[in-house]
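Chemist: Below is one structure. I have some questions about it.
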Amino acid sequence: MSLLLELANISGRIITIFPLLLAMTLFMGKRSIGQVPIFDFLIFVTLASVTGADLADPSVSHIHTAYAIVAIGFFQKAVAKIAMKKRKFGKYITFEPTVVIKDGQLLIDNLGTIQYTIDNIFQLLRQKNVFDINEVQVGVIEANGDLSIQKKPANAAPSIEDLGITKKSSGMSYPVIIEGVMQAEILKELNVTKETLRQRLQNEGIVRIESIFLCTMNDEGKLHLAYTRKDEKYQRIQH
């Protein structure tokens with residue numbers, strides 16, 4: 001009988017706590033849901049922990065849980081308002097935007113700073129319907145981890161379409177070398193052998209494959225190459 005009472009108690013907590021949790025989440029605003037910067041992420045983790053403890057342990061005071069949820073919601077709202085009014089304060093509770101692509105080139109040191117991999121950047125580019133990094137003028141990782149891009153003027157679809165000009169696409173680019181390692185599966189899909197790729201690089205005076213941070217190839221067979229940060233330079237190769 002006591003077990004049934006405890007289960008009924010938990011059911012009652014669920015019915016009462018989730019409307020309160022929903023109300024406070026909506027009170028905190030769409031920004032908290034859509035962007036989830038680091039401070040808001042911590043707020044949500046805390047709310048989840050408080051709610052989970054209340055639902056799982058009937059000995060936890062239900063009124064204390066309700067008060068904690070309301071207090072956390074108002075705390076987040078107050079901090080968000082301060083951050084909007086005082087930009088300097090806002091910098092301390094979130095990540096700064098980081099430029100990771102400039103003139104079609106990956107900024108390797110900046111990638112290392114925010115601990116993003118090449119695959120992370122390519123995935124974010126594809127989500128922006130960009131399949132060739134050469135089309136990007138500037139790429140910025142925002143505080144919420146999303147990628148914002150500005151295309152090069154020649155690749156800006158709206159202006160080209162407005163002029164009625166047919167854009168010549170170079171197609172999708174594929175990473176054929178990542179951090180000095182040839183990607184055998186991708187080369188196979190492109191019907192390119194390792195020897196052919198190595199010969200093309202040697203023709204350009206590149207002997208050490210290990211020195212290449214990233215090399216991509218598009219559908220037309222054009223290569224786009226970036227050296228490691230030890231070389232302190234980038235070079236573009238086209239054939």
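The values are calculated or read from the model by the stated rules, or taken from the named source; none is laboratory data. Just so we're clear, the structure is a prediction, and the values are computed from it rather than from any experiment. With ideal geometry, Cβ positions are generated from the backbone for all residues, glycine too; neighbour counts draw on all protein chains shown. All accessible areas refer to the heavy atoms of the entire protein, side chains included, with ligands and DNA or RNA removed. Shrake-Rupley method; radii C 1.70, N 1.55, O 1.52, S 1.80 Å.
Chemist: Can you tell me how many residues within the range 60-100 are loosely packed, with under 13 Cβ neighbours inside 10 Å and over 29 Å from the mean Cα position of the chain (by Cα)?
Modeler: 5
Chemist: In the list Glu204, Glu189, which residue meets the criterion of being open to solvent by 50 Å² or more (accessible area, probe 1.4 Å), without any contact (Cβ under 8 Å) to a residue 24 or more places away in the chain, out of contact with any helix residue (DSSP H, G or I) (no Cβ under 7 Å at 6 or more places or on another chain) and not hydrophobic (A, V, I, L, M, F, W, C)?
Modeler: Checking each option against the conditions leaves just Glu189.
Chemist: Which residue, of Thr65, Thr51, Thr113, Thr25, is at pLDDT 80 or above, polar (S, T, N, Q), within 30 Å of Gln123 (Cα to Cα) and out of contact with any His (no Cβ under 6 Å at 6 or more places or on another chain)?
Modeler: Thr113 is the lone residue from the list that is at pLDDT 80 or above, polar (S, T, N, Q), within 30 Å of Gln123 (Cα to Cα) and out of contact with any His (no Cβ under 6 Å at 6 or more places or on another chain).
Chemist: Taking only pairs six or more apart or across chains, which ones have beta-carbon atoms under 7 Å, a first residue in the range 85-108 that is touching a residue at least 40 places away in the same chain (Cβ under 8 Å), and a second residue that is in a loop (DSSP other than H, G, I, E, B) and among the basic types (Lys, Arg)?
Modeler: Listed pairs, sorted by first residue: Ile108/Arg229.
Chemist: Restricting attention to the range 107-121, which residues are among the hydrophobic types (A, V, I, L, M, F, W, C), farther than 19 Å from Val176 by Cβ and over 11 Å from the mean Cα position of the chain (by Cα)?
Modeler: Leu107, the sole residue that qualifies.
Chemist: Here is a further query. Looking only at the range 192-201, which residues are among the charged types (D, E, K, R) and open to solvent by less than 60 Å² (accessible area, probe 1.4 Å)?
Modeler: Passing the criteria: only Arg200.
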